[in-house]
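> One structure coming up, written as structure tokens, with questions to follow.
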Amino acid sequence: MLTLLVKVIKALNSDYSPAQIALAVCLGMIVGFPPLGSSHNAIILLFVLMLRVNLGVFVVSLGLFSGLAYLVDPLSESFGFWLLHLTALEGLWTSLYQVSVWRLLEYNNSLVIGSFVVAMLLTPLVFLGTKVLVVQYREQVMTWVQKSRFSVWVRSGKVFSAYQRIQG
Amino acid sequence: MTNWIRSWGIVLFAMATLIWLLSVDWLVKRAIVTYGTELNGAQVELESADLSLWPAGLELTNLQVTDAYHPMFNSFEASKISATLDSALLLRRQVIVEQLDVIGVRMNSPRVRSGATNDQPIAANAGFDFGGLIPDLSLPDMDTLVAEAQQQVSAEVAEIEKEIDDIEERWRSNIKQVPSKDKVAEYRARWDQLSNASFMEKMLGAKELKSDVSGDLKLIRSFNQQLKSDRSLISTQITRAKRLPNAQLDRTMQAVGLSTENIAFVRAITGDQVDQWVTRAKTFSESLSSNTVVQAPSRGHGRWVTFAEDNPLPQVLIRRGQFNGALQLAASNMAVDGKFSNIAYPLEGYSQPAAVIINARDDGNASLLFEANIDHRQADFSDGFNLELMNLPIQDVSLSAGVENSLLLEAASLNFIASGHASPDTVLANVVAKLSDPRLTADADLATKSEYFLAETLNTLDSVDLQVNVSGALENPVVNIASNLDKILAAGLKSQISAQTTKFKQQFTDQLGEQTSVQLGTLSAKGDFLKDIQALLNDRKAAMPSF
């Protein structure tokens, strides 16, 4: 857990662009919100491995959103059930039902579709919000920390040496 | 752009995919062995599994399923099972098997080593306990039986005595109401006086006297009727009491099993099994139709919503299949082959009825034919089957309970024909079985008298027939079982025990008669008081003046 936090701080302080960090958070949310065993998660994991998103941030995001998803499961499930019974979307669902790939993606499971749509709706907000937070952190907190006497004292101490050793 | 691509991630994914592809066969094998063993309760073994993804197919080599009740035997064995699957539909989580071939099937085949698992207790086949089905042929202890019978007879005689005493008590009370001798003399005196009186006095006196006398005569008539009824009742009860020893003898004979009435041997042996078949057939027919009950999903699981499909298919479907191999049935080793089609789950999810046909034949003349047709396309399902098992040789089958082979069916030949049909409302099934030339042996040290008797009786027979008819509503079918064995056993039993019963009857009657004679003698004299009462009533009635 401590290692993960260190990796997140390291990512925030690294040359990863704010968009890459925000994307890692969003992908963690998209994977974490629906049930972990869902088929579409395999595709997203492929993206996570292929794209240069920060894995530490992704794992922390995945853990956080999985926990949150458990709390809101009943709501997501009811939302998905409502979506699948929406008369306006009946034609869409029926046509998707004829295609094997969509059936593999379990779109007709009320929890999968409900939590996935919730995650997708939150993605722009989370992406922009994370991006802004990273920029703000780097401009204000990181600069202030680096210039503060406390920081100078910490960096000269044993704890900081240990922190650097952990980072390799 | 390259800033966004992680090359080692692609390599890692490719490697993971490669490892999965290389190990998938092993994973399938482990899954079949592990889950199969868990479900079967004894070892399931598999030499290899080969899964191909495109076109999708699965090939299993040397599958062995241990018989959980007999771990040194396999209940099913196949040298090769190959299935061709529809890949596209597999993505939909629908297992559509286009063709299933099962080669080298063997059933009840012996194993080299035990296939028992440590955590699964092996339940032994219970067999039959013939001791409880046939009356015991040994004589019971006479003294105990007579003591019990005497107690029973005494209790009943005492009851009759009390009843007679109550009647006597009632008559003692009644007698007080009968006009006394003095009163009758007074009537006579008044009558004599009237003969010398004037005409008017005669008229008035006679009217008054008639009124008094007729009241008493009415009472005497009423008592006479009651007396007649009581005499009849007491006579019946005394007769019953005198017959008690014989009635008790019959009851005792029945209780100790020396009666040959009501032997339902075949029903007792086959009844439970037939009931099980009927229940199984009933639940099988019902279970073939899936009942969709909408339930709230558990945490972390959603609900599956279905939509109209262009070509609806069930969750699991075997379109066509065939198998061949060997079938060990009793003492016959048959070559078996069969075909099946449209085996679906749920059955109503497919537009064609399921069908199975199995043929088996051995080197002799034993044969088996099984045909079944399961049609659940409509809500009013219609299932039917036909089974013909002819000339099946049977050798060395233990018929006794437990592990001791006290009764052994050494040889016989079985013909078994069954057919049936089930629908949502009715079930109709008919089984005709014939066991020809049965040869039984009862172990000299272990067999009971009943088992000896059974062996002796059956060895004299050419054949034993059994007919089972099941009909009526599916919920509560009526099962009729008939066999020639019951009558034969009853007749045999009768001749076997007739000598014993005659001796037993004589001894029993003598001893019981001796012990109950005093009590019965006293009881006979009990009703005599009614004769005195009858004489008294007649006397009073005769003494009354007549008008």
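The values are calculated or read from the model by the stated rules, or taken from the named source; none is laboratory data. Values in this document were obtained by computation on a predicted structure and should not be read as measured data. Cβ sites come from the backbone with ideal geometry, for glycine too, and all protein chains shown count toward neighbours. Ligands, DNA and RNA are stripped out before the accessible areas are found, and what is left, the full protein with its side chains, is counted by its heavy atoms. Shrake-Rupley method; radii C 1.70, N 1.55, O 1.52, S 1.80 Å.
> Could we say that A:G56 is open to solvent by less than 30 Å² (accessible area, probe 1.4 Å), part of a helix (DSSP H, G or I) and in contact with a Lys or Arg (Cβ under 6 Å, 6 or more places away or on another chain) here? Break it down into steps so the answer makes sense when it comes.
Details: open to solvent by less than 30 Å² (accessible area, probe 1.4 Å): yes; part of a helix (DSSP H, G or I): yes; in contact with a Lys or Arg (Cβ under 6 Å, 6 or more places away or on another chain): yes.
Yes: the conditions hold for A:G56.
> Next question. Considering only residues that are more than 8 Å from chain B (Cβ to nearest Cβ) and not in a helix (DSSP H, G or I), which ones fall in region A:33-52?
A:F33, A:P34, A:L36, A:G37, A:S38
> Let me ask something else. Within region A:20-50, count every residue that is open to solvent by less than 30 Å² (accessible area, probe 1.4 Å) and among the hydrophobic types (A, V, I, L, M, F, W, C).
Of the residues in that region, 12 qualify.
> I would also like to ask the following. For region B:8-67, how many residues meet the condition of being among the hydrophobic types (A, V, I, L, M, F, W, C), open to solvent by 70 Å² or more (accessible area, probe 1.4 Å) and part of a strand (DSSP E or B)?
Looking only at that region, the number is 1.
> Restricting attention to region A:101-125, which residues are surrounded by fewer than 19 Cβ atoms within 10 Å (Cβ to Cβ) and touching a residue at least 40 places away in the same chain (Cβ under 8 Å)?
Matches in region A:101-125: A:L104, A:M120, A:L122, A:T123.
> For residues that are touching a helix residue (DSSP H, G or I) at 6+ places or on another chain (Cβ under 8 Å) and surrounded by fewer than 21 Cβ atoms within 10 Å (Cβ to Cβ), scanning just region B:447-456, find the one that is farthest from B:A482 (Cα to Cα).
In this case the residue turns out to be B:T448.
> Out of curiosity, is B:L227 in contact with a Leu (Cβ under 8 Å, 6 or more places away or on another chain), surrounded by 12 or more Cβ atoms within 10 Å (Cβ to Cβ), touching a residue at least 24 places away in the same chain (Cβ under 8 Å) and on the phi < 0 side of the Ramachandran plot?
yes
> Which residue is surrounded by the most Cβ atoms within 10 Å (Cβ to Cβ), if the candidates are limited to region A:59-83 and must be among the hydroxyl-bearing types (S, T, Y) and within 11 Å of another protein chain (Cβ to nearest Cβ)? Even if it seems obvious, please write down each step before you answer.
Pass one, region A:59-83, residues among the hydroxyl-bearing types (S, T, Y): A:61, A:66, A:70, A:76, A:78.
Of the ones still in play, those that are also within 11 Å of another protein chain (Cβ to nearest Cβ) are A:66, A:70, A:76, A:78.
Working: A:S66: 17, A:Y70: 11, A:S76: 24, A:S78: 15.
Step by step, filter region A:59-83, then rank; the result is A:S76.
> Do the conditions hold for B:V397, that is, is it surrounded by 16 or more Cβ atoms within 10 Å (Cβ to Cβ) and without any contact (Cβ under 8 Å) to a residue 24 or more places away in the chain?
no
> On to the next question. Go over the candidates A:S110, A:S17 one by one and state the one that is under 30 Å from B:A308 (Cβ atoms) and at the interface with chain B (Cβ under 10 Å from one of its Cβ atoms).
When all the criteria are applied, what remains is A:S110.
> Is at least one residue of region A:84-93 open to solvent by less than 60 Å² (accessible area, probe 1.4 Å), assigned to a loop (DSSP other than H, G, I, E, B) and facing chain B (nearest Cβ under 10 Å)? Step through it out loud before you land on a result.
To start, the set of residues in region A:84-93 that are open to solvent by less than 60 Å² (accessible area, probe 1.4 Å) comprises A:84, A:86, A:89, A:91, A:93.
Going one step further and asking which of them are assigned to a loop (DSSP other than H, G, I, E, B), we end up with A:86.
Applying the additional criterion that residues be facing chain B (nearest Cβ under 10 Å) yields none.
No, that holds for no residue.
> Would you confirm, using the coordinates I've provided, whether A:G56 is of a type outside the set (K, R), facing chain B (nearest Cβ under 8 Å) and touching a residue at least 24 places away in the same chain (Cβ under 8 Å)?
no
> Find all pairs meeting these conditions: Cβ atoms under 8 angstrom apart; at least six residues apart or on different chains; first residue within region B:450-474 and over 27 Å from B:A418 (Cα atoms); second residue of a type in the set (D, E, K, R) and not in a helix (DSSP H, G or I).
Correct list of pairs: B:S450/B:D136.
> Checking the conditions here, which among B:A444, B:A433, B:A418, B:A422 is exposed (fewer than 15 other Cβ atoms within 10 Å of the Cβ) and out of contact with any Pro (no Cβ under 8 Å at 6 or more places or on another chain)?
So the residue among B:A444, B:A433, B:A418, B:A422 that is exposed (fewer than 15 other Cβ atoms within 10 Å of the Cβ) and out of contact with any Pro (no Cβ under 8 Å at 6 or more places or on another chain) is B:A444.
> Which of the residues belonging to region B:1-58 are away from every other protein chain (no Cβ under 14 Å) and of a type in the set (F, W, Y)?
B:W26, B:Y35
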